[in-house]
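*Asks:* If you scroll down you'll find the structure; I have some questions about it.
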Amino acid sequence: MMLIIWSFDKSNINYASVLQKNSKIFSDITQSNGQQTTASLTPNCLRYLYPQIWTCQSPNFEGKSGYYSQSREDEAFHKWIFNNTKENQNPGIFVELGAANGITFSNTLFFERMFDWRGVLFEAHPENAKLLLRADREKTVKLPVAICSGLQTHIRLLGGPGFVAGNIDTMDADFKEAWHKNDSKTIDVPCGPIGSYLTAIGITHIDLFSLDVEGGELSVLLTMNWNIQVHYLLIENNSNTPNIIILLKSHGFRVQDFQPCSLGVTDCTNNTLFVNEDYQRPNFSTICIPNIFLNSSQD
């Protein structure tokens, strides 16, 4: 078994620094035979590897206000979905796929800075990922990878750095026509199933899952580990939205009315919000470090 390490310097992201150690902790996210594997330790043990997410909240934490989303999605969540009450929001767990540089247009940064939420940020484009790894997102695990099935190890990414690159094989046709009509150059980036990455980090529940990968949303969701509970899932609309609705309804989600554009955004992105009414949010104090071993008997 191998532990995959992502290292970063000023010029490169070393995706392939694979070390033959900590063999009892992880299996490969993807293997040459295409078989998807899972972490061999319990979430409680795995959380000690990622203290930026799982350390208990400091009693001295002070939130910083400010919205960042492109179309005020974070403001809409704050005011409408989470009812503007700190008690219901602090601290939560988020996952953002298509995180870009981690700051601009982020749907999760507000919750990290204001309410001490923690989470996982995915960004596939190498140039964006360099900026993400430098970003002031102290309470996150940052992964410079794409998402694919366990049968793949790389995807072909179309588009330059910014906010419109995507997997050429899953990109929405209308989006490709609008933004990449004259583009032909692609780059290969490493990938794996999102469920495997999240499981390896010890994620067992997600309060807010933001998914924006330019038409590849359905293919991402097909690699999810649905034993991980998700409360709210925000997805940018595309031609696959009807199929996404069918898939998510089969996992207990329903579509919820969500119109952040009504807050007065002129250049507004349309999203669909899914909610799982059966979501049971754990008390963070019972799973955070150093309390998790004290509560291991309850698992």
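The values are calculated or read from the model by the stated rules, or taken from the named source; none is laboratory data. If you're wondering where the values come from, they're calculated on a predicted model, not measured in any experiment. Positions of Cβ are backbone-derived with ideal geometry, glycine not excepted, and every protein chain shown enters the neighbour counts.
*Asks:* Could you list, in sequence order, the residues of region 242-287 that are assigned to a helix (DSSP H, G or I) and either more than 25 Å from Tyr67 (Cβ to Cβ) or at pLDDT 95 or above (or both)?
*Replies:* Answer for region 242-287, where residues must be assigned to a helix (DSSP H, G or I) and either more than 25 Å from Tyr67 (Cβ to Cβ) or at pLDDT 95 or above (or both): Pro242, Asn243, Ile244, Ile245, Ile246, Leu247, Leu248, Lys249, Ser285, Thr286.
*Asks:* Against the condition modelled with pLDDT of 95 or more, among the small types (Gly, Ala, Ser) and not in a strand (DSSP E or B), how does Gly102 come out, does it pass?
*Replies:* Details: modelled with pLDDT of 95 or more: yes; among the small types (Gly, Ala, Ser): yes; not in a strand (DSSP E or B): yes.
When the stated conditions are applied, Gly102 passes them.
*Asks:* Taking Val213, is it within 20 Å of Ser71 (Cβ to Cβ), modelled with pLDDT of 95 or more and not basic (Lys, Arg)?
*Replies:* no
*Asks:* Mind checking which residues of region 46-99 are surrounded by fewer than 18 Cβ atoms within 10 Å (Cβ to Cβ), touching a Pro at 6+ places or on another chain (Cβ under 8 Å) and not in a loop (DSSP other than H, G, I, E, B)?
*Replies:* If the condition is that a residue be surrounded by fewer than 18 Cβ atoms within 10 Å (Cβ to Cβ), touching a Pro at 6+ places or on another chain (Cβ under 8 Å) and not in a loop (DSSP other than H, G, I, E, B), then Glu75 is the only one that fits.
*Asks:* On to the next question. Being modelled with pLDDT under 85 and over 17 Å from Val141 (Cβ atoms), is that true of even one residue in region 74-84?
*Replies:* Yes - at least one qualifying residue is present in region 74-84.
*Asks:* On the given criteria, is Leu294 modelled with pLDDT of 95 or more and either charged (D, E, K, R) or out of contact with any strand residue (DSSP E or B) (no Cβ under 7 Å at 6 or more places or on another chain) (or both)?
*Replies:* No: the conditions fail for Leu294.
*Asks:* Quick test of your reading of the structure: Phe111 fulfils all but one of (1) within 30 Å of Gln259 (Cβ to Cβ); (2) modelled with pLDDT of 90 or more; (3) more than 15 Å from the chain's Cα centre (by Cα). Name the failing condition by number.
*Replies:* (3)
*Asks:* OK, next. For the structure I just gave you, tell me whether Tyr197 is modelled with pLDDT of 95 or more, in a strand (DSSP E or B) and not basic (Lys, Arg).
*Replies:* So Tyr197 fails the test.
*Asks:* Sticking with this structure for a sec: Inside region 119-149, can you point out the residues that are among the small types (Gly, Ala, Ser), in a strand (DSSP E or B) and either at pLDDT 95 or above or under 15 Å from Ser106 (Cα atoms) (or both)?
*Replies:* Hit for region 119-149 is Gly119, nothing else.
*Asks:* Residue check, Pro59 against (1) over 21 Å from Glu138 (Cα atoms); (2) out of contact with any helix residue (DSSP H, G or I) (no Cβ under 9 Å at 6 or more places or on another chain), all met but one. Which one?
*Replies:* (1)
*Asks:* Collect the residues in region 200-224 that are outside any strand (DSSP E or B), polar (S, T, N, Q) and under 13 Å from Val95 (Cα atoms), keeping them in residue-number order.
*Replies:* Thr204 - this is the single residue of region 200-224 that is outside any strand (DSSP E or B), polar (S, T, N, Q) and under 13 Å from Val95 (Cα atoms).
*Asks:* Residues of region 225-241 being in contact with a helix residue (DSSP H, G or I) (Cβ under 7 Å, 6 or more places away or on another chain), part of a loop (DSSP other than H, G, I, E, B) and not hydroxyl-bearing (Ser, Thr, Tyr), which ones?
*Replies:* Asn225, Ile228, Asn238, Asn240
*Asks:* Is it the case that Asp188 is under 27 Å from Asp116 (Cα atoms), in a strand (DSSP E or B), at pLDDT 85 or above and acidic (Asp, Glu)?
*Replies:* no
*Asks:* Residues in region 229-246 that are out of contact with any Leu (no Cβ under 6 Å at 6 or more places or on another chain) and surrounded by fewer than 21 Cβ atoms within 10 Å (Cβ to Cβ): how many? Please lay out each step first, then the result.
*Replies:* Step one: of region 229-246, the residues out of contact with any Leu (no Cβ under 6 Å at 6 or more places or on another chain) are 229-231, 233, 236-239, 241-242, 245-246.
Okay, now just the ones that are also surrounded by fewer than 21 Cβ atoms within 10 Å (Cβ to Cβ), so 229, 237, 239, 241-242, 245-246.
The number of residues fulfilling the criteria is 7.
*Asks:* Something else: Would you be able to say whether some residue in region 121-129 is in contact with a Phe, Trp or Tyr (Cβ under 6 Å, 6 or more places away or on another chain) and either of a type in the set (Asp, Glu) or over 20 Å from Gln229 (Cα atoms) (or both)? Talk me through it step by step, then tell me what you get.
*Replies:* First, the residues of region 121-129 that are in contact with a Phe, Trp or Tyr (Cβ under 6 Å, 6 or more places away or on another chain): none.
Within region 121-129, none of the residues are in contact with a Phe, Trp or Tyr (Cβ under 6 Å, 6 or more places away or on another chain) and either of a type in the set (Asp, Glu) or over 20 Å from Gln229 (Cα atoms) (or both).
*Asks:* Of all residues in region 127-144, which are surrounded by fewer than 23 Cβ atoms within 10 Å (Cβ to Cβ) and in contact with a Pro (Cβ under 6 Å, 6 or more places away or on another chain)?
*Replies:* Glu127, Asn128
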